[in-house]
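Enquirer: Here's a structure for you.
The values are calculated or read from the model by the stated rules, or taken from the named source; none is laboratory data. Bear in mind the structure is a predicted one, so any value in this text is a computation, not a measurement. Reconstructed Cβ throughout: ideal geometry from the backbone, glycine too, with neighbour counts over all protein chains shown. SASA here: full protein model, heavy atoms, side chains in, ligands and nucleic acids out. Shrake-Rupley method; radii C 1.70, N 1.55, O 1.52, S 1.80 Å.
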Amino acid sequence: MLRRLAVAVAALSTMLGFVVVQATPQALALDNGLARTPPMGFNNWNTTQCKATFNEAMIKSIADLFVSKGLKDAGYQYVNIDDCWAKTSRNAQGNLEPDPVRFPNGIKAVADYVHSKGLKFGIYTSAGTKTCNTAGFPGGLNHETQDANLFASWGVDYLKYDNCNNQGVDAQQRYKKMRDALAATGRPIVFSICEWGQNQPWTWAQPVGNLWRTTGDISDSYSKMVSIFQKNLPLAQYAKPGAWNDPDMLEVGNGGMTPAEYRSHFSLWAIMAAPLLIGADLRKVSAENYETLLNKDVIAVDQDTLGVQGKQISASGNKYVISKPLSNGDYAVALFNNNSSAQTISTTASAIGIGSSSNYNLKDLWSKSTRNTTGTISVSVPAHETVIYRVSKGVRTPPAEGTHQVSDLSWDSAVSGWGPVEKDRSNNTQAGGDGKTLTINGTTYAKGLGTHAASDISFYLGKACDTFSASVGVDDEVASTKGSVVFQVFADGTKIADSGTMTGATAAKQLSGSIAGADQLRLVVTDAGDGNNSDHADWGNPTITC
């Protein structure tokens, strides 16, 4: 009835000499049931480009490594080939043919091998007359149905459709035509739109493709990775299950960044719910970079079924805070330091949007450490690194009855003026774990906390404890003529001990006080008002009785 009414209105409008524009509702995402979480897998381009090393043997070995290295078990499933797989011309029937040198047994044989491993196979072409490589491989423009049918007959599960040599044809027209051709094959094929963000595909591609590139190509450098992250981050509203912003493949393992920078790369792609397509030759990836690619806690953030891309909470001073809600009510929060020196990055549970609770549990998804907080989320992040937490509402348990070394407890929050707070080690410089034995004026302490002013460490007591004591002073790793700090101890809001100003020449002082009835213990070090140069401050053998 509504359709007949629309036709009648259109006819009447023509008679009267004016035009009625009818709104056409669009689907919220491509209705093919695929890529309900961001695709995970491999693409050879970043490591091989069009070199002779790209061939059938390599692709089969990648499929083998997916199984033997645990990548398949971690969620990686697509083994995708990129440009240069075909001959430079179509055959007499107009079909694409594989290069017989690279793929002597044909594409279907490779796809069958990948499928035999319980994996899926992807292929590449361009929405133009030729692909992007200068050799001039034929593209899919005006061959959409023929190519889609061929791909389906080979057992293709994923198509990356590039944008080169497009002859100026409207992007939406080109990509919709291939979408329809793929759908008509009857085979489930993930459709990846590689349009480079030229026509803002995030505004129109949701009902066209399962993912769309938002930028130009990535390269294996920290600066390029960050620039792509910065372009993709503001597009969170457009991502949803089955329809993803794609900031391009991963460079993890290719060698152009440090392991820490690769961890940031992986963390940022995960918090942005980006596809995780490995772009390194897995036969050459180091054990440390494999650990990055196999971090199931970070992968779980990317693959969360709620399907929300993380949103920027703050970014002042090149210190990014990005929050992502998760399907079970938890939140992931990434604290990314895009500076050349360590920085303290802070936010709150309220700011990231998790909702009210008396306390929260924080799990560091790289170090695997856990701690509690009443709301503050703050940590010292080394240069170019990212700390990513999974935040959940929780019930805190006070310390058990007895005497406890404070360094054996989980803190609610810990902020240090330079580098992280170290447990049972001195602060030293800035990397976690780089400290030495705690030493104050020649006396060593096996247990304690190494900090750098200004620092503030808090612990939950739950009104269960009675007394606190510690030996404090400037660590001997600083010359005796340097360093000037003040140690302070607070039970809730009440200061119970103060060392006065101490320098590298000052002998250790004993601080003690009552913490009876207190919910929180805070250990604070100030810079004594003269700046924090060389202010390496030790809490030696800090203990509480409960």
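Enquirer: Can you name the residue in region 86-110 that is free of Cβ contacts under 8 Å to residues at least 40 places away in the same chain and assigned to a loop (DSSP other than H, G, I, E, B) and, of all such residues, is surrounded by the fewest Cβ atoms within 10 Å (Cβ to Cβ)?
Expert: Checking each candidate, the answer is A92.
Enquirer: Open to solvent by less than 30 Å² (accessible area, probe 1.4 Å) and aromatic (F, W, Y): is that true of Y331 in this structure?
Expert: No: the conditions fail for Y331.
Enquirer: Let me ask something additional. Against the definition (β-branched (V, I, T), part of a helix (DSSP H, G or I) and at pLDDT below 95), how does V21 come out, yes or no?
Expert: Numbers: β-branched (V, I, T): yes; part of a helix (DSSP H, G or I): no; at pLDDT below 95: yes.
No: the conditions fail for V21.
Enquirer: Among (1) touching a residue at least 24 places away in the same chain (Cβ under 8 Å); (2) of a type in the set (D, E); (3) open to solvent by 10 Å² or more (accessible area, probe 1.4 Å), there is one condition D170 misses while meeting the rest; what is its number?
Expert: (1)
Enquirer: Also: Is it fair to say P201 is under 24 Å from V308 (Cα atoms), at pLDDT 95 or above and surrounded by fewer than 19 Cβ atoms within 10 Å (Cβ to Cβ)?
Expert: No, not satisfied.
Enquirer: Restricted to region 363-375, and to residues that are among the hydroxyl-bearing types (S, T, Y) and surrounded by fewer than 17 Cβ atoms within 10 Å (Cβ to Cβ), which residue is farthest from S410 (Cα to Cα)?
Expert: Only one residue fits best here, namely S367.
Enquirer: Quick one: which strands (runs of 3 or more DSSP E) sit completely within region 292-349 and have at least 2 residues that are within 11 Å of the chain's Cα centre (by Cα)?
Expert: 319-325, 331-337
Enquirer: Moving on to the next point. So how many residues does region 458-478 have that are part of a loop (DSSP other than H, G, I, E, B), open to solvent by less than 50 Å² (accessible area, probe 1.4 Å) and either touching a Lys or Arg at 6+ places or on another chain (Cβ under 6 Å) or closer than 24 Å to W418 by Cβ (or both)?
Expert: 2
Enquirer: Checking P188 against (1) out of contact with any strand residue (DSSP E or B) (no Cβ under 8 Å at 6 or more places or on another chain); (2) crowded, with 21+ Cβ neighbours inside 10 Å, which single condition isn't satisfied?
Expert: Going through (1) out of contact with any strand residue (DSSP E or B) (no Cβ under 8 Å at 6 or more places or on another chain); (2) crowded, with 21+ Cβ neighbours inside 10 Å one by one, P188 breaks only (2).
Enquirer: For region 487-546, which strands (runs of 3 or more DSSP E) that fit wholly inside it have 1 or more residues that are touching a residue at least 60 places away in the same chain (Cβ under 8 Å) and among the polar types (S, T, N, Q)?
Expert: Result: 520-526, 536-545.
Residue by residue, here is whether (1) closer than 23 Å to A491 by Cβ; (2) modelled with pLDDT of 95 or more holds:
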| site | (1), (2) |
| --- | --- |
| V391 | no, yes |
| R396 | yes, no |
| S413 | yes, no |
| R425 | no, no |
| G432 | no, no |
| A454 | yes, no |
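Enquirer: Take the residues in region 121-150 that are under 16 Å from I59 (Cβ atoms) and out of contact with any helix residue (DSSP H, G or I) (no Cβ under 7 Å at 6 or more places or on another chain), then tell me which one is surrounded by the most Cβ atoms within 10 Å (Cβ to Cβ).
Expert: Going through the qualifying residues, I end up with G122.
Enquirer: So, in region 41-76, how many residues would count as being touching a Cys at 6+ places or on another chain (Cβ under 8 Å) and within 11 Å of D281 (Cβ to Cβ)?
Expert: 1
Enquirer: Next question, about the same structure. Show the residue pairs meeting these rules: Cβ distance below 7 Å; 6+ apart or different chains; first residue within region 321-336 and over 15 Å from S378 (Cα atoms); second residue among the aromatic types (F, W, Y) and open to solvent by 30 Å² or more (accessible area, probe 1.4 Å).
Expert: Pairs found: K324/Y331; P325/Y331.
Enquirer: Here is a further query. Just checking: which of the strands (runs of 3 or more DSSP E) contained wholly in region 378-457 hold 3 or more residues that are surrounded by 22 or more Cβ atoms within 10 Å (Cβ to Cβ) and either of a type outside the set (V, I, T) or out of contact with any His (no Cβ under 8 Å at 6 or more places or on another chain) (or both)?
Expert: Correct list: 386-393, 448-452.
Enquirer: Let me ask you something else. Filter region 356-375 for residues that are over 16 Å from the mean Cα position of the chain (by Cα), in a strand (DSSP E or B) and free of Cβ contacts under 8 Å to residues at least 40 places away in the same chain and give the result.
Expert: Those that are over 16 Å from the mean Cα position of the chain (by Cα), in a strand (DSSP E or B) and free of Cβ contacts under 8 Å to residues at least 40 places away in the same chain: Y360, N361, L362.
Enquirer: Kindly indicate the residue of region 253-264 that is buried (at least 24 other Cβ atoms within 10 Å of the Cβ) and of a type outside the set (S, T, Y) and also farthest from T37 (Cα to Cα) among those meeting that condition.
Expert: Result: G253.
Enquirer: With the checklist (1) crowded, with 19+ Cβ neighbours inside 10 Å; (2) of a type in the set (S, T, Y); (3) in a loop (DSSP other than H, G, I, E, B) in hand, flag the one item Y161 doesn't pass.
Expert: For Y161, the exception is condition (3).
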